[in-house]
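Colleague: One structure, as structure tokens, below. Some questions next.
The values are calculated or read from the model by the stated rules, or taken from the named source; none is laboratory data. It should be emphasised that the depicted structure is a prediction, and the values quoted were computed from it without experimental measurement. In this analysis, Cβ positions are derived from the backbone assuming ideal geometry, glycine residues included, and neighbour counts consider all displayed protein chains. We work out accessible area using only protein heavy atoms, side chains counted, and drop any ligands, DNA or RNA first. Shrake-Rupley method; radii C 1.70, N 1.55, O 1.52, S 1.80 Å.
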Amino acid sequence: GPHTCSRLAVSKDTSSDNPFCADCYGRPRHCLSEFINAAYGVPVNASHSQQGPDYDSNIITLTDLHNPHNLTCWMAHRGTDTGEWVLTVPLGRRFEITYISLQFCHQGEPSDPISISILKSMDFGRTWRPMQHYSSDCLGNFGLPSQTVAQTRHQETEPLCSDPRPLQKQRGGMVLAFSTLDGRPSSPDFDHSPTLQDWVTATDIRVVFHQLSKVAKAAPLALSDLQVGGRCKCNGHASRCRRDDTGRAVCVCEHHTAGPDCDVCEDFYFDRPWHRATPTHPNPCVACECNGHSNKCRFSMEVFQQSGRHSGGVCQKCRHHTAGRHCQYCQNGYTRNHSKPLNHRKACQPCQCHPLGAVGRWCNQTSGQCLCREGVMGLRCNRCAPGYKQGKSPLRPCIRKFTATIYAKEESRKRAECVSYCQPSQVKVRMNLETYCLKDYVLKVQVRGMERSGPWWQFSISVQTVFRTGSTSRVRRGPQSLWVPDRDLGCGCPALHVGRTYLLIGAEEGERGWGPEESRLVADRSTLALQWREHWSPKLRGFRGKITISCPDAQWLHTTPLALAYVVSFKIISAVWLA
């Protein structure tokens, strides 16, 4: 070629064992499988329209070694001068056909009218489409004008019809040769024309001799050779096509492609979509970048588009505690070991967070910094911060160093904040019918457990008695969840302890950002939580029995004599509760 490699370049290792599919620098390049007679040695099936299928099958005289000095002819049977003869050649795989030639046994130009069709199948004989018609009367026999050149690009993948005479004369007889690309406008740009590539692709070839001469003394149909010249369809990714154990021709794929036609990418080479190779773009399949931590990946078109059509491989089953699209991150609980390269099997090391000083085992991917509890510091959360000392609780391993004066001032400040935060009614309870009726529920509950959930505490309670619920309430006896804000619980409004039983008087929660279907039972600073006393039960039940109507509105409370009686009754009960 015009560019030659130096001796130094030639000595370099190449990425391909096939010198035709890579240059001397090891760079992939477009390659073609060898040109062969795809019909050689293939048994031909010959059938006659009036004699039924398989009339004369497995003919090999048409496809054996052609010797002009010792012709082996196949001759149509006597008495079949009318009707159609159909010759079918199964090629066994996809080929890109360049030409199809028929050599007749007789030496002279045939004087009888010729009417021949050449068809192809791309699906191993299930369907057929014509490629070319030959006739001295194209319009009469096939309804097509006689032409040898497609007039438009749309017509170039349609069959043409022409008079084949004069036939080519070769040693041993006259030859009818059909070139698949002659007269096709896009043939100079074949490597970039998917329509033409599809046009020349075939798995089977069929030649039909239409309505032979009815003249009694006409020479019978006699053929000495049938050739199908072409290449295994390897899409520019193989230069050899060999027989496998079943005798089927398969491409010896290069460029990390695979499949019988080199039409898919080899496993793990999914970083880019598969493309046919062209002389200007060999389009090899590219390996996924997994930094040596995985040997399995998949292709993602979405990732490929987002990368500017540069890379679409996504690694799967990352090993060595790595994670991420390229196995470039460490799993939770692991951090980068900067003393090792990213592709080292020990590139990620455990976080080694202190079990008491750290919250969980998570740490920063880059720095390895663990998430420390309050008052704890250090990369691994293994020592107390300034102003803190070691505590006795595993939940608070480090506590503040308070002097007596500082501690008293801090406690006094917190108490003052809580008093102003909690509603006055929690400091001194005054219960009446108005308070009762403005609440959504009056419940007797037992606290079973509690768990922190962000800015809330979730209490597991058992509702033992429902004295009152609002019209929209869903509270029922049995297990329930009660949600208390962290600040409210810290100030003791309400004060709830696991294992104790309380009388709760409060409002259901529906306006704290939860959807209607997520309505929750909430106890906050507006909720009355009174430690239960057993002698309250009959009085509450009796009072509930006296109210036969729903709670009145505020105006009703202040205008009816009956309401005043209820207010007095509740004040008496309230006094008993607080005793």
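Colleague: Show the residue pairs that are 6+ apart or on different chains and have beta-carbon atoms under 7 Å apart, the first residue being within segment 18-46 and under 19 Å from Lys233 (Cα atoms), the second being assigned to a helix (DSSP H, G or I).
Modeller: Note: pairs meeting the criteria are Pro28/Cys21; Arg29/Cys21; Cys31/Phe20; Cys31/Cys21.
Colleague: Of all the residues that make up segment 176-194, how many are under 23 Å from Pro145 (Cα atoms) and either outside any loop (DSSP other than H, G, I, E, B) or not assigned by the TED database to the domain that holds Phe142 (or both)?
Modeller: The initial filter retains those residues of segment 176-194 that are under 23 Å from Pro145 (Cα atoms), namely 176-187.
Going one step further and asking which of them are either outside any loop (DSSP other than H, G, I, E, B) or not assigned by the TED database to the domain that holds Phe142 (or both), we end up with 176-179, 187.
Residues in segment 176-194 being under 23 Å from Pro145 (Cα atoms) and either outside any loop (DSSP other than H, G, I, E, B) or not assigned by the TED database to the domain that holds Phe142 (or both): 5 in total.
Colleague: Further question on the same structure: Out of the residues in segment 111-133 meeting the condition of being open to solvent by less than 30 Å² (accessible area, probe 1.4 Å) and at pLDDT below 90, tell me which one is farthest from Ser49 (Cα to Cα).
Modeller: Ile114
Colleague: Can I ask one more? Only residues that are among the charged types (D, E, K, R) and crowded, with 18+ Cβ neighbours inside 10 Å: list them for segment 183-211, please.
Modeller: Our first condition is that a residue be among the charged types (D, E, K, R); within segment 183-211, this holds for 184, 189, 191, 198, 204, 206.
Of everything in segment 183-211, those that are among the charged types (D, E, K, R) and crowded, with 18+ Cβ neighbours inside 10 Å turn out to be Arg184, Asp204, Arg206.
Colleague: Tell me, please, whether a residue that is within 30 Å of Pro260 (Cα to Cα), surrounded by 13 or more Cβ atoms within 10 Å (Cβ to Cβ) and out of contact with any strand residue (DSSP E or B) (no Cβ under 8 Å at 6 or more places or on another chain) can be found in segment 162-182. Spell out the reasoning first.
Modeller: The initial filter retains those residues of segment 162-182 that are within 30 Å of Pro260 (Cα to Cα), namely 177-182.
Those still in the list that are surrounded by 13 or more Cβ atoms within 10 Å (Cβ to Cβ) too: 177-182.
Within this subset, residues satisfying the condition of being out of contact with any strand residue (DSSP E or B) (no Cβ under 8 Å at 6 or more places or on another chain) are 182.
Yes - at least one qualifying residue is present in segment 162-182.
Colleague: Could you pull out every one of the strands (runs of 3 or more DSSP E) wholly within segment 269-375 that has 1 or more residues that are of a type in the set (A, V, I, L, M, F, W, C) and open to solvent by less than 70 Å² (accessible area, probe 1.4 Å)?
Modeller: Working: elements: 296-299, 313-316, 334-336, 348-350, 358-363, 370-372.
So the answer is 296-299, 313-316, 348-350, 358-363, 370-372.
Colleague: Identify, please: which residue in segment 76-92 is among the hydroxyl-bearing types (Ser, Thr, Tyr) and at pLDDT below 90 and is, among those, surrounded by the most Cβ atoms within 10 Å (Cβ to Cβ)?
Modeller: So the residue we want is Thr80.
Colleague: In this structure, is Ala222 open to solvent by less than 70 Å² (accessible area, probe 1.4 Å), assigned by the TED database to the domain that holds Ser136 and closer than 15 Å to Ile36 by Cβ? Reasoning before the result, please.
Modeller: Values: open to solvent by less than 70 Å² (accessible area, probe 1.4 Å): yes; assigned by the TED database to the domain that holds Ser136: yes; closer than 15 Å to Ile36 by Cβ: no.
Spelling it out, it is not the case that Ala222 is open to solvent by less than 70 Å² (accessible area, probe 1.4 Å), assigned by the TED database to the domain that holds Ser136 and closer than 15 Å to Ile36 by Cβ.
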